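Data block below; observations after.
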Amino acid sequence: MALTMFGTDNELFAPFNHLSSFHHLLNRDSRPGRDMHLDVLEGEKNFVIKADLPGVDKKDIKVSVDEELLTISVAKKDEKEQKTQDKGVRVHRMERTASFMSRTIRMPTAAELGQVKATYNDGVLQLQVPKKAQETRQVTVPVE
């Protein structure tokens with residue numbers, strides 16, 4: 001008995017085919033590894049951003065700053081070509097292919113984005129973003 005996938009190519013369900021593109025919005029865990037989960041914390045002297053990136057190699061991570069936008073992106077290389085070129089190897093299922101994910105955060109004006117420091121350990125990227133020194137100016141306003 002052959003296994004048959006219940007697909008969207010069935011004419012009966014054709015009017016609903018467009019709904020499959022919304023599946024990831026309804027069930028975030030339906031595509032593990034495709035979402036980047038973040039924590040953004042604020043301390044007295046800095047902001048801390050933590051991103052879960054399990055299974056990602058450090059060389060595939062890019063952190064960039066553009067104006068007040070901080071972007072974390074990951075471009076994972078395709079392993080398919082290497083695996084299929086090995087002699088005597090048959091691929092039965094290949095789900096770990098190339099992928100790209102990215103998150104952009106608008107940072108507050110108090111963030112010193114030219115001083116970002118990044119560390120990556122045990123699948124967690126941590127960014128330290130210092131705050132700009134606050135000028136405390138006291139001005140006396142004359143009352144007329």
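Each value in this text was obtained by applying a stated rule to the coordinates, not by laboratory testing. Given the structure is predicted, the values throughout are model-derived calculations rather than measurements. Note: ideal-geometry Cβ built from the backbone for every residue, glycine included; neighbour counts use all protein chains shown.
Listed by chain and number, the lysines whose C-alpha is less than 28 Å from the C-alpha of K50, apart from same-chain residues fewer than 8 away, are K58, K59, K62, K76, K77, K117, K131, K132. Taking R0 as 35 Å, what FRET efficiency do you get between V124 and R90 from their Cβ-Cβ distance, rounded to the nearest 0.05? Between V124 and R90 the formula returns 0.50.
Here the 3J(HN,Hα) profile of the range 41-47, calculated from phi with Karplus coefficients 6.51, -1.76 and 1.60 at θ = phi - 60°, is 10, 10, x, 5, 10, 7, 9 Hz, Gly and Pro shown as x. Once both labels are positioned 7 Å from their Cα atoms along Cα-to-Cβ, the gap between D39 and A133 label points is 3.1 nm.
Approximating the spin labels as points 7 Å out from Cα along Cα→Cβ, the K77-to-K117 distance works out to 3.0 nm. The distance from the alpha carbon centre of the range 57-79 to that of the range 96-116 is 8 Å, rounded to a whole number. If R0 is taken as 22 Å, the Cβ-Cβ distance between K50 and S99 corresponds to a FRET efficiency of 0.60.
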